[in-house]
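Asker: Okay, here's the structure, questions in a sec.
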Amino acid sequence: MSLQYKRGEPFRYEFKKPRSCTFGIVSVGSKVIDSKRALGQILDISTGGAKFQSNLALPLQSDSIQIRLTFQLTGAPLEIEGTLLWQKQYGAVYQYGLEFRDEEISKRILTELKSYAKLERAQQE
């Protein structure tokens, strides 16, 4: 298990192997959008946000972009909405920082991460 802690930030779990996810744009500024889903990979996650990557270049601009990220760790799929904070390009891959909007989801993420880490440890033994 790879937990990193920085003062003032929630812990962040970095996956050894990125987790598959899908995502779609929910809104840009005040305009509601129902975009097609795209494939991505979650690199790390915390109760407050996630870093994920995709081959898709999202148009970060002055208007806030809200997306819905869907993935599975151990139980039922998690579907979380958040705000894109940053974008970095690495060749043909784009990495994004996502801040979660729903504080209620943080307990579920924490529970799922504990179960995931436990399964991961058991598989290594």
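Values in this text are rule-based calculations from the coordinates and carry no lab data. Not measured: the values here are computed from a predicted model. Using ideal geometry, Cβ is built from the backbone for each residue, glycine included, and neighbour counts are taken over all protein chains shown.
Asker: So which aspartates and glutamates can LYS36 reach, going by Cα to Cα under 18 Å and dropping same-chain residues fewer than 8 places off?
Answerer: GLU79, GLU81
Asker: Relative contact order of the chain, please, whole-number percent, based on alpha carbon pairs below 8 angstrom and at least 6 residues apart.
Answerer: Normalised by residue count, the contact order of the chain is 22 percent.
Asker: Compute the longest continuous run of the chain that contains no exposed chymotrypsin sites (Phe, Trp or Tyr not before Pro); treat a site as exposed when its DSSP state is not H, G, I, E or B and it has at most 16 other Cβ atoms within 10 Å. Write out the running numbers ahead of the final one.
Answerer: Values: sites that count: TYR5, PHE11.
Maximal segment without exposed cleavage sites: 12-125.
Asker: Let's test this: bin the Cα-Cα distances of the chain at 10 Å from zero up to the farthest pair and state each bin's percent.
Answerer: With 10 Å bins starting at 0, P(r) equals 12, 46, 32, 9, 1.
Asker: Mind checking the full-extension length gain between ASP102 and ALA57? Use 0.36 nm per residue of separation minus the Cα-Cα distance, one decimal, nm.
Answerer: 13.7 nm
Asker: Which lysines have a Cα lying under 18 Å from the Cα of LYS16, excluding residues fewer than 8 positions away in the same chain?
Answerer: LYS51, LYS114, LYS118
Asker: Nearest 10 degrees, 0 to 90: what angle lies between the long axis of helix 105-124 and the longest principal axis of the chain (Cα atoms)?
Answerer: Computed tilt is about 50 degrees.
Asker: Rounded to the nearest 500, what is the chain's calculated 222 nm mean residue ellipticity when only DSSP H runs of at least 4 contribute -39500 (n - 2.57) each, over all residues?
Answerer: Only helices count here, giving -5500 deg cm²/dmol.
Asker: Further question on the same structure: Run the quick spin-label model on VAL32 and LEU85: label points 7 Å from Cα toward the beta carbon, then report their separation in nm to one decimal.
Answerer: Between VAL32 and LEU85, the simple spin-label model gives 2.7 nm.
Asker: Rounded to the nearest 0.05, what FRET efficiency do THR70 and GLN124 have when you use their Cβ-Cβ distance and R0 = 30 Å?
Answerer: Efficiency, from the Cβ-Cβ distance: 0.65.
Asker: Picking from SER106, SER54, SER64, which is most flexible by a Gaussian network model of the chain using Cα springs under 10 Å?
Answerer: Result: SER64 has the largest fluctuation of those listed.
Asker: I've got another one for you. Reported to two decimal places, what Rg/Rh ratio describes the stretch 46-102 when computed on Cα atoms with Rh from the Kirkwood expression?
Answerer: Result for the stretch 46-102 is an Rg/Rh of 0.98.
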